[in-house]
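The values are calculated or read from the model by the stated rules, or taken from the named source; none is laboratory data. Note that the structure is a prediction, hence the values are computed from the model and not measured. All Cβ positions, even for glycine, are placed from backbone atoms using ideal geometry, and neighbour counts span all protein chains on display.
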Amino acid sequence: MLERKAYTLFLRDVFLLALTTFGGAQAHIAHFHKVLVARRGYLTEEELMELNSLCQIIPGPTSTQTLTAIGFRLGGPNLAYLTLLIWMLPAVAFMTTAAILMSDIQEKSWSLQFTRFIQPMAVGIVAYGAYRISMRTVKTKTGIALMILAAVFSYIFQTPFVFPAILLCGGLVTALKYKNLPRNHHEKIVISWSNFALWAGVLIMAASLGGLTGFLPIRIFENFYRNGSLIFGGGQVLTPLLYTEFVEYKGYLTSNEFLSGYAVAQALPGPVFSFSSYIGSLAMREYGTGGEIVGALMAAFGIFLPGTFLIFFVIRFWEGLKSYRVVRASLEGITAASAGLVIAAAVIMFQPLENSVLNIAFTAGTFLLLAFTRIPSPVIISLGLLLGFLLK
C-alpha cells in the first residue's frame, strides 16, 4: 500500500499516461511497465503481468481494468476509483467534443466529405485488430474452428443478443479440454460477494428503470453497462457489439458517423472504450449540447463501471481461482470467439460504404501500413483527415 502522500504522485502519473498512451491495450501495458514499474517501482513486472492476465478473463476494457487494479492494490477502492476517473476523463472529453462537432456539422448541413477517407481506414483498423488478435491467441485447430464459427454466426445473426452467447459457447467448448493442462495445487477460495452484488444490482436497477420510464439517459447507461459486462478482449471486440446495437438495431447514428468517430478514437490517447461517449452523445443530440454531454457521461460510466466492479470482486480470490484448469482452459475459446466477432465486424462495417476501388484501397492500405510498418494509427488517421480536407 502507498502512503497517502504518494497518492498524488501516482495519480499524476496516471494523468500523464492518459494524455500520452496511444495504441490500444497491448501498447498501454508497455507504457504502464515503463512508467509504473521501471520508473516508479509501484509494483514488479511479474505483478503487472499477473494483474493483466487476471483482467483478460474478466469482461471489460483490459488496460483500464489493469490500471484500476493497480490503484486498488496500492490504495484500496478509493484510489482505484480516482485512478479510473483520471484515466478515462481526458479521452471521454475528447470524444464528447468530437461528437458535438459532428452534430453541429450535420445540423448545419455541412459536407462530411473530409471524413470520406477515414471511414474505410477505420474498417482497415478493425481488420488489423482481428488479424492481430487471431495471430496472438488462436493457435490450435479448435481455436481456428471456433473463430470461424463465431465470425459466421455473428455475421448471420446481427443482433446484440447473440454475442454473449457466442463468447459463452466458445469458453464452454475449450473448458472441456481442461485435462490437457497441468494440474496445479488448489488454493482455498474465499469469496466476498459484495462487489458482485453491486455489479448485478446496478444492472438490474438500470434495466428496470429504463424499461419503466423509457428515459433515454437511463436507457443509454443500461445499454452500455450491459455491453461493458459482456466484452472480453478490449476495444476491438467492443466495436461489433456497438455497431450492431446502436447503428443497425437502434439507429442512434449512421454508419458514416460511427466509422468517423471510431477513426478519431484510434487517433487519441487513453482507453479506446471512450468511443462509447461519442455514441452516447450523438444518441442525445436532439436535446442540445447539454443533452449530448449527459449522454456522453452516461455512456462512459455505463461502459467503464461494470469491469471495475468485477475486478474488485475477482481480485480478492484470484490466487485460488487461477489454479483451476477449467478456468484456464476456457480462455482459449473466449479469445478465439472474440477474434471471430472482430472479423465479422470488419465485413459488416465495410458493407455500408460504397464498393469502390478507392474505399477498398484505403481499407487495404491501412491494414498493410499497420501490419508491416511502425507508423502508429494516430498518424495514419491524421493523414487521412488531412487528405480529406485537401481534396474536399
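Every condition in (1) of a type outside the set (Asp, Glu); (2) surrounded by fewer than 20 Cβ atoms within 10 Å (Cβ to Cβ); (3) modelled with pLDDT of 85 or more holds for Phe221 except the one numbered (2). Within the range 65-98, being modelled with pLDDT of 90 or more, crowded, with 19+ Cβ neighbours inside 10 Å and β-branched (Val, Ile, Thr) holds for Thr68, Ile70, Thr83, Ile86, Val92, Thr96. Hey, does the range 281-288 have a residue that's at pLDDT 85 or above, among the hydroxyl-bearing types (Ser, Thr, Tyr), under 29 Å from Tyr243 (Cα atoms) and surrounded by fewer than 22 Cβ atoms within 10 Å (Cβ to Cβ)? Checking the range 281-288: at least one residue is at pLDDT 85 or above, among the hydroxyl-bearing types (Ser, Thr, Tyr), under 29 Å from Tyr243 (Cα atoms) and surrounded by fewer than 22 Cβ atoms within 10 Å (Cβ to Cβ).
Of the set (1) touching a Ser or Thr at 6+ places or on another chain (Cβ under 9 Å); (2) farther than 30 Å from Leu89 by Cβ, all apply to Tyr324 but (1). Contact annotation: residue pairs with Cβ atoms under 8 Å, 6 or more positions apart or on different chains, pairing a residue in the range 137-160 that is over 16 Å from Lys177 (Cα atoms) with a partner that is assigned to a loop (DSSP other than H, G, I, E, B), are Met147/Val138.
Give the residues of the range 348-362 that are surrounded by fewer than 23 Cβ atoms within 10 Å (Cβ to Cβ) and at pLDDT 85 or above, sorted by residue number. Correct list: Ser356, Val357, Leu358, Asn359, Ile360, Ala361. Among the numbered conditions (1) buried (at least 20 other Cβ atoms within 10 Å of the Cβ); (2) modelled with pLDDT under 80, tell me where Phe114 comes up short. If we test Phe114 against (1) buried (at least 20 other Cβ atoms within 10 Å of the Cβ); (2) modelled with pLDDT under 80, just (1) comes out false.
Among the residues of this structure, Ala344 does not count as one that is touching a residue at least 60 places away in the same chain (Cβ under 8 Å), out of contact with any Gly (no Cβ under 7 Å at 6 or more places or on another chain) and surrounded by fewer than 16 Cβ atoms within 10 Å (Cβ to Cβ).
Quick one: would you say Leu230 is within 24 Å of Ile204 (Cβ to Cβ), of a type in the set (A, V, I, L, M) and surrounded by fewer than 24 Cβ atoms within 10 Å (Cβ to Cβ)? In short, yes.
Residues that are within 29 Å of Phe221 (Cα to Cα) and either buried (at least 19 other Cβ atoms within 10 Å of the Cβ) or among the small types (Gly, Ala, Ser) (or both) were ranked within the range 315-332; the one that is modelled with the lowest pLDDT is Trp318.
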